[in-house]
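Chemist: My structure is below; once you've seen it, I'll send some questions.
Read the figures in this text as sums done on the coordinates, not as results from a lab. Given the structure is predicted, the values throughout are model-derived calculations rather than measurements. Cβ: placed from backbone, ideal geometry, glycine included. Neighbour counts: every protein chain shown.
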Amino acid sequence: MSALNHAPSTVTKPPLRLLIAAPRGFCAGVDRAIQIVEQALQKFGAPVYVRHEIVHNRYVVDSLKAKGAIFVKELHEIPETDQPVIFSAHGVAKSVPQAAQSRNMFVLDATCPLVSKVHMEASRHFEQGREIVLVGHRGHPEVIGTMGQLPHGAVVLIETADDARAFAPKDAGKLAYVTQTTLSLDDTAEIVTILKARFPGIAGPVKEDICYATTNRQHAVKAIASDVDAVIVVGSPKSSNSLRLVEVAERSGCPVSLLIERASDIPWDQIEGITRLGLTAGASAPEVIVDEVIEAFRDRYSVTVDVVTTAEERVVFNLPREFRQRPAG
């Protein structure tokens, strides 16, 4: 009897208020890129080849692999084929489509239109005789693609405020800047302010290059970060916009800010004793993983959910013409 008395039928879960940021997760460019792969598989059958990860998310990539997508690092890994070859959402250097054309490959370009906008800006400035400054992170696929639009040496990469202070242009009167689309708003503003102070005549984008989704997700995290004990960002460690969300949460006063790919990655020991949690997702993270994380917390806590909305997103990008309905005959 005593053993039974010490075994309660229910365990009271501690309360947890979950503040979910909105907007979060997929942006229009990511959604378009994934649709291109899925529709290519439906229309042309498996396999379809994808150069680099279509977006920076392991769950998405694995799901597409299961449907018949084959991911490669470079075009030379693809055998002679009439099947589609898809370029990732991050964009590619000009040499990549040129190489594909030399092999008569059937290319579908999933580059985000907002990345293509930066490519066109850089090319326009170059044609006007300006030296191009690119604010971005070295080694990121988007930066490699943007720098690869122009001849070697035409673009100077600036990563930090110190880089901006040290930068010595060839001709201070013929300068322009563009930026990676997934940067920290605050860091980029600081760098651009330094460049404009040093070079008042520097030309910039008509509309800023940091994309609407990056901007909106950072604003949404700022709205909750100071009101919670911890923030969890669902996203990949390869994802620039996801990493920036972690930084934004920290700078906005959140004591603990964590990046996870799946619910199984939650470091429970680091968030022990919390009563208020912020949750968001990078632009390449699917909502199914956000739901998975919420369920993991429901298993351990009595969860109350509040969605904190700071913007509404209605942006949709058209698919390539290969998928558009053609008239009969």
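Chemist: What list of ³J(HN,Hα) values in whole Hz, one per residue of the stretch 138-153 in order, does the Karplus curve 6.51 cos²θ - 1.76 cosθ + 1.60 (θ = phi - 60°) give from phi, with Gly and Pro shown as x?
Modeler: 4, x, 6, x, 5, 5, 4, x, 5, 5, x, 6, 10, x, 4, x
Chemist: Quick one: what are the phi-derived ³J(HN,Hα) couplings along the stretch 266-278, Karplus 6.51/-1.76/1.60 with θ = phi - 60°, whole Hz, x for glycine and proline?
Modeler: Per-residue couplings from phi come out as 4, x, 4, 5, 7, 10, 4, x, 6, 10, 9, 10, x Hz.
Chemist: Going by amide H atoms built from the backbone, whose H comes under 5 Å of the H on residue 135, apart from near neighbours?
Modeler: Amide H neighbours of residue 135: 158, 178, 179, 180.
Chemist: Any chance you could check the Cα centroid distance between the stretch 118-138 and the stretch 263-316 for me, in angstrom?
Modeler: Using only Cα atoms to place each centre, the spacing works out to 38 Å.
Chemist: Further, regarding this structure: What three numbers, in Å, describe the spread of the alpha carbons of the stretch 114-198 along their principal axes, ordered from the longest?
Modeler: The principal-axis extents, from largest down, are 28, 25, 19 Å.
Chemist: Of 95, 175, 112, which is farthest towards the positive pole of the stretch 91-182's charge dipole, taken about the Cα centre with +1 and -1 on the beta-carbons of Lys, Arg and Asp, Glu respectively?
Modeler: The listed residue farthest towards the positive side: 95.
Chemist: Next question, about the same structure. Treat every Asp and Glu Cβ in the stretch 223-301 as -1 and every Lys and Arg Cβ as +1, leave all other atoms uncharged, and give the resulting dipole magnitude about the Cα centre to the nearest 20 debye.
Modeler: Approximately 220 debye in magnitude.
Chemist: Helix 185-198 against the longest principal axis of the chain: what's the angle in degrees, Cα atoms only, rounded to the nearest 10?
Modeler: On a 0 to 90 degree scale, this one is about 40.
Chemist: Right, here's the next one. Only sites in a loop by DSSP and with at most 11 other Cβ atoms within 10 Å count here; which GluC sites (Glu not before Pro) in the stretch 57-133 make the cut?
Modeler: Numbers: sites: 74, 77, 80, 121, 127, 131; in loops: 74, 80.
Of the GluC sites (Glu not before Pro), the ones in loops of the stretch 57-133 whose Cβ has at most 11 other Cβ atoms within 10 Å are 74, 80.
Chemist: Now for a different question. Select from 223, 168, 93 the residue whose mean-square fluctuation is largest in a Gaussian network model of the chain (Cα-Cα springs shorter than 10 Å).
Modeler: Taking springs between Cα atoms under 10 Å, the residue moving most is 168.
Chemist: On to the next question. Which value at 222 nm does the chain reach when only helices count, each DSSP H run of 4 or more adding -39,500 (n - 2.57), with the total divided by all residues and rounded to the nearest 500 deg cm²/dmol?
Modeler: Calculated at 222 nm, the ellipticity per residue is -11000 deg cm²/dmol.
Chemist: Where does helix 240-251 land angle-wise versus the long Cα axis of the chain, in degrees 0 to 90, nearest 10?
Modeler: Approximately 50 degrees, to the nearest ten.
Chemist: Given the options 20, 36, 271, state which has the largest fluctuation in a GNM of the chain using a 10 Å cut-off (strictly under) for Cα springs.
Modeler: 271
Chemist: Give me the one-decimal nm value for the distance between modelled label points at residue 288 and residue 67, 7 Å along each residue's Cα-to-Cβ direction.
Modeler: 1.0
Chemist: I would also like to ask the following. How many angstrom separate the Cα center of the stretch 180-251 from the Cα center of the stretch 39-81?
Modeler: If we compute the Cα centre of each part, the gap is 30 Å.
Chemist: For the charge dipole of the chain, defined by +1 on Lys and Arg C-beta atoms and -1 on Asp and Glu C-beta atoms about the Cα centroid, which residue among 64, 270, 285 has the Cα displaced farthest towards the positive pole?
Modeler: Most positive-ward Cα: 64.
Chemist: Dipole of the chain, Cα-centred, from +1 at each Lys and Arg C-beta and -1 at each Asp and Glu C-beta, to the nearest 20 debye?
Modeler: Working: 35 positive and 39 negative charges, 150 e Å.
The calculation lands at about 720 debye.
Chemist: OK, next. Over the chain, what number does the Rg to Rh ratio reach, with both radii from the alpha-carbon atoms and Rh per Kirkwood?
Modeler: Reported Rg/Rh (Cα atoms, Kirkwood Rh): 1.05.
Chemist: If each of residue 250 and residue 322 carries a label point 7 Å out from its Cα toward its Cβ, how far apart are those two points in nm?
Modeler: According to this spin-label approximation, the distance is 4.1 nm.
Chemist: For the Cα atoms of the chain, what angle does the longest principal axis make with the long axis of helix 28-44, in degrees from 0 to 90, nearest 10?
Modeler: 80
Chemist: Identify the trypsin sites (Lys or Arg not before Pro) of the stretch 1-102 meeting these criteria: DSSP loop state and at most 11 other C-beta atoms within 10 Å of the C-beta.
Modeler: 73
Chemist: May I pose another question? What is the percent of Cα-Cα separations in the stretch 188-329 that go past 28 Å?
Modeler: 33
Chemist: Please list, in chain and number order, the residues 5+ apart from residue 106 or on another chain whose amide H is under 5 Å from its amide H, with Hs placed from the backbone.
Modeler: Excluding prolines and chain starts, which carry no amide H, the hits are 85.
Chemist: Sticking with this one: Check which residues have an amide H placed less than 5 Å from residue 229's amide H, if you skip close sequence neighbours.
Modeler: Counting only residues 5 or more places away or on other chains, the set is 275, 276, 277, 278.
Chemist: In what sequence do 140, 219, 90, 125 fall when counting other Cβ within 10 Å, fewest first?
Modeler: 219, 140, 125, 90
Chemist: Another question, if that's okay. What is the dipole size for the stretch 28-112, taken about its Cα centre, with +1 at each Lys and Arg Cβ and -1 at each Asp and Glu Cβ, in debye to the nearest 20?
Modeler: 80
Chemist: Give me the net charge for the shell around residue 47: Cβ to Cβ below 11 angstrom, other residues only, Lys and Arg +1, Asp and Glu -1.
Modeler: Net of charged neighbours comes to +2.
Chemist: Bin width 5 Å, origin at 0, all Cα-Cα pairs of the stretch 24-126: what percent of pairs per bin?
Modeler: Taking all Cα pairs of the stretch 24-126, the binned fractions are 2, 13, 24, 24, 19, 11, 5, 2, 0 percent.
Chemist: Evaluate the relative contact order of the chain (contact order divided by residue number), counting alpha-carbon pairs under 8 angstrom at least 6 apart; express in whole percent.
Modeler: Once normalised by length, the contact order is 25 percent.
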